[in-house]
Each structure stands twice: as C-alpha cells, then as structure tokens.
Amino acid sequence: MAQLPSAASPDAPAAPDAPAVVLTIAGSEATGGAGAQTDLKTFQQSGVFGIAALTCIVSFDPKNDWNHRFVPVEPQVITDQLEAISAAYTIETVKIGMLGTPATIEVVAGWLAEHTPRTVVLDPVLICKGQEPGAALDTDQALKQHILPRATFVTPNHFESIQLSGMTDIDSVEDLTEAARRIHDASGAVVLAKGGVRLAGDSAQDVFFDGSHVDILTAPKIGDVAVSGAGCTLAAAVAAELGKGADPLTAARTAKSLVTAAIQGRVSSNAPFDAVWQGAAG
Ligand code: PXL
C-alpha cells in the first residue's frame, strides 16, 4: 500500500512562515459593516491569523430608524471564549472594540491583567445608539478606569477624543493634537486621534502622538458622511501591523492607507450607510 507523506516526511513541502496571531475582543454587528466581522476581514487582508471573542450582539433595527438592538454576551461565556483562546495560543496582540457593559469590562480587564499581552490596541467605542443612557455612562466610566490604563495604543474618534480628554470641543487639528496629548498623559498609550470627516477642510486628518513625537496623517476626504466600520478597520489594521512587528508610526500609516482604500471601495446596501470593504485595499 502506498504511504501518504506525513508532515515530517522529507518530501513534504516546507511549512510557510507562521502568521502572527491577533485577537479581537469585540461585538458582532450582524450586517458585517462593523465590529468583530470587520476586524476579522481586516486581519485577513493584513495577513495575520485572526481570532475573535464576542462581547455582544448588535442587530440594527430597520423598523426603528436602524437603531441598535444590543444584547450583551453572558460574562461567563466571554470568560469561556477567552479561556479557550488563551489555552490554544499565547496572545501577544489584542484589539479591543465594543465591550458594552461594566460586567464585560470586568471580565476583559481581568483577562488582560492575567495574560499581559504586549500590545493592546483599544478602539474606545463609547456609545451605541440602542443603549440606555445611564448604563452607557457607567460603561464609559468603567472603560476609562479599567481598560484605558492597560492600552498600549488608543484610536479615539472625534467624539471619543472629547470624552477622553475632557475638552469641551475639538474644531481643528491643533485641538485634536491637544486631545491626543491629554489622552496620552492619562493612559501612557500611543494615541491616534481621528479627525475623519469631522474637521473642516478637504482632507481626513488624524493625529499621532507617542509621548514625544506628533505626526499628522492626511488623506483626501471621501464624502462627508462617516462610513460604517472605518474606525474598527483602522484599529484592527494597527493591531495587525503591530502584531507583524511594525513600529507604531509605521503601523498607523499602513492602517490609514488600508482604511482609505476600504472607504474608497465601500459597499452600499439598503441600510442608510455604506460599509467599508477591506478587500479593496488590494
Ligand atoms: O463602529 C462601532 C461599532 C463597534 N462594534 C459594534 C458595533 C459598532 C457600531 O455599530 O455595532 C459591534
């Protein structure tokens, strides 16, 4: 009987270089434009092995102005996912997206404290349209208190930059730079504060600050309306690049060009917003 070559056979092809492993701890957004689905597409596009632990299920409601229906995953089920993941792999690079409740934050903060991954990219998702305002405030407080200090890289959008910096408004790149400095001082993390379509002018400008160096990342603005999933894609691409060994500024630049291509190649649907398409990055 002919013998099948085993992996150890001298005839077996050489194994390719193992990809970097990157974990996202994020919510599911069912239409695939944002959340964990977007993170996994970005990881694949960036050439890393993506893993996801789900924190909540978001289902937009087309009968109610596309508001978010938000269902948290049981804390024990989040713990179980993280247990399986960290038994299978040593996780050195994590991206954190929507957490959604103080109970989820407690689980994730505990896991971060136990496993101390080298790189923690935090997309500080503060608001979900479907959440009850009181609960959202508690969640925001818990995120600032328990997750932000563990982040090594933070990617706040315009609204999140105002909330995290304590500034009353951000109207210019100078304001955004001040916000990035304040968020760095509060967290110690590298900050990529996103101006996106929110600041006046023809370009989408983001401010990078690593504690000593400020860099303004600029790309042409594509339309005036934010595209669903752009923030998730940027943070996931930063995590992927850091996971592959890039330095923070190079990771930010590569992520910015991926997200710009993904916005250019966006997909429209029957929902009132377009979704980014990572595959357009080529
Ligand atoms: O884009 C922010 C975001 C992140 N994560 C989930 C979401 C959204 C926005 O809808 O649903 C799960």
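The values are calculated or read from the model by the stated rules, or taken from the named source; none is laboratory data. Everything numeric here is computed off the predicted structure, so don't read it as measured data. Note that each Cβ is placed from the backbone with ideal geometry, even for glycine, and that neighbours are counted across all protein chains shown. These accessible areas exclude ligands, DNA and RNA; they are computed on the full protein's heavy atoms, side chains included. Shrake-Rupley method; radii C 1.70, N 1.55, O 1.52, S 1.80 Å.
Here is how the numbers come out for the structure above:
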{"quantity": "Positive-end residue of ASN64, LEU112, LEU148, charge dipole of region 48-175 with Cβ unit charges", "calculated": "LEU112"}
{"quantity": "Listed peptides 173-181, 245-253 by packing density, highest first (mean Cβ within 10 Å)", "calculated": "173-181, 245-253"}
{"quantity": "Cα centre as origin, Lys/Arg/Asp/Glu Cβ charges: the chain dipole, Debye", "calculated": "400 debye"}
{"quantity": "Tilt relative to the chain, helix 173-187 - C-alpha long axis, 0 to 90 degrees, to 10", "calculated": "60 degrees"}
{"quantity": "Listed residues PRO156, PRO19, PRO272, most fluctuating in the chain (Gaussian network, C-alpha, under 10 Å)", "calculated": "PRO272"}
{"quantity": "Angle in degrees between helix 35-46 and the longest Cα principal axis of the chain, rounded to the nearest 10", "calculated": "60 degrees"}
{"quantity": "Most to least packed among 80-87, 233-240, 209-216 [average Cβ atoms within 10 Å]", "calculated": "233-240, 80-87, 209-216"}
{"quantity": "Between helix 248-264 and the chain: long-axis angle, C-alpha atoms, 0 to 90°, nearest 10", "calculated": "80 degrees"}
{"quantity": "The chain, accessible area per residue, ligands and nucleic acids excluded (1.4 Å, Å²)", "calculated": "47 Å²"}
{"quantity": "Burial order of peptide ranges 48-60, 196-208 (average beta-carbon count within 10 Å, highest first)", "calculated": "48-60, 196-208"}
{"quantity": "Lys pairs, the chain - Cα-Cα below 24 angstrom, 8 or more residues apart or on other chains", "calculated": "20"}
{"quantity": "Relative contact order of the chain, defined on C-alpha pairs under 8 angstrom at six or more residues apart (%)", "calculated": "17 percent"}
